[in-house]
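Structure first, then comments.
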Amino acid sequence: MKYVKFILCLLFGLMFINAGLDKFLHYMPMPKDMPEEAKDAFGAFMKLPWLLPLVGIVEIVGGLLFILPKTRALGAIVILPIMVGILLHNCTVAPAVPGIGIAAVLFLINLWILIDNQEKYKTLLS
């Protein structure tokens, strides 16, 4: 089970590092069949010049933290707001896009790591 967790966390972290790097390097093409609402939402994000770089930095840092077992609990907290945003976007703005399945799986992995590390969070909540 330890190896399964490591592999899932490695893949999770790499996906977020990749997504964060794309915010700066723009190497992943936009899907051609993206719904109009999703295009409008992305256009709104682009009007705030600091938003995408901020999200990119959080994704890169959170992904790196998530990969390393010693910092995984912190990485799970750092990535959580981004993950909630991705899931809500896929559920509301772009529900027909196949990305909702990936978003749900990633959210469950994040939730699993949060629950797995709940003892570490007790001092934050007390």
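The values are calculated or read from the model by the stated rules, or taken from the named source; none is laboratory data. Just so you know, these numbers come straight off a predicted model, no measurement behind them. Heads up, the Cβs are rebuilt from the backbone with ideal geometry, glycines too, and the neighbour counts pull from every protein chain shown.
Quick look at the numbers
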read-out	value
Every residue from the range 6-38 that is free of Cβ contacts under 8 Å to residues at least 60 places away in the same chain and either surrounded by 13 or more Cβ atoms within 10 Å (Cβ to Cβ) or under 14 Å from the mean Cα position of the chain (by Cα) (or both)	Leu10, Leu11, Leu14, Ile17, Asn18, Ala19, Gly20, Leu21, Asp22, Lys23, Glu37, Ala38
Failed condition for Ile86, given (1) buried (at least 17 other Cβ atoms within 10 Å of the Cβ); (2) in contact (Cβ under 8 Å) with a residue 40 or more places away in the chain	(2)
Scan of the range 91-126 for residues that are among the acidic types (Asp, Glu) and over 18 Å from Val4 (Cβ atoms), ordered by number	Glu119
Residue match in the range 53-64 (condition: touching a helix residue (DSSP H, G or I) at 6+ places or on another chain (Cβ under 9 Å) and in a loop (DSSP other than H, G, I, E, B))	no
Residue that is modelled with the highest pLDDT [pool: residues in the range 65-116 that are part of a loop (DSSP other than H, G, I, E, B) and aliphatic (A, V, I, L, M)]	Leu68
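Here's the yes/no breakdown for (1) closer than 25 Å to Gly43 by Cα; (2) without any contact (Cβ under 8 Å) to a residue 60 or more places away in the chain:
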{"residue": "Pro69", "(1), (2)": "no, no"}
{"residue": "Ala73", "(1), (2)": "no, yes"}
{"residue": "Leu80", "(1), (2)": "yes, yes"}
{"residue": "Ala104", "(1), (2)": "yes, yes"}
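This table checks each residue for (1) in contact with a Phe, Trp or Tyr (Cβ under 8 Å, 6 or more places away or on another chain); (2) within 20 Å of Ile100 (Cα to Cα); (3) hydrophobic (A, V, I, L, M, F, W, C).
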position: Lys2; (1), (2), (3): no, no, no
position: Gly20; (1), (2), (3): no, yes, no
position: Asp33; (1), (2), (3): no, yes, no
position: Ala38; (1), (2), (3): no, yes, yes
position: Pro53; (1), (2), (3): yes, no, no
position: Phe66; (1), (2), (3): yes, no, yes
position: Ala76; (1), (2), (3): yes, yes, yes
position: Leu80; (1), (2), (3): no, yes, yes
position: Leu87; (1), (2), (3): yes, yes, yes
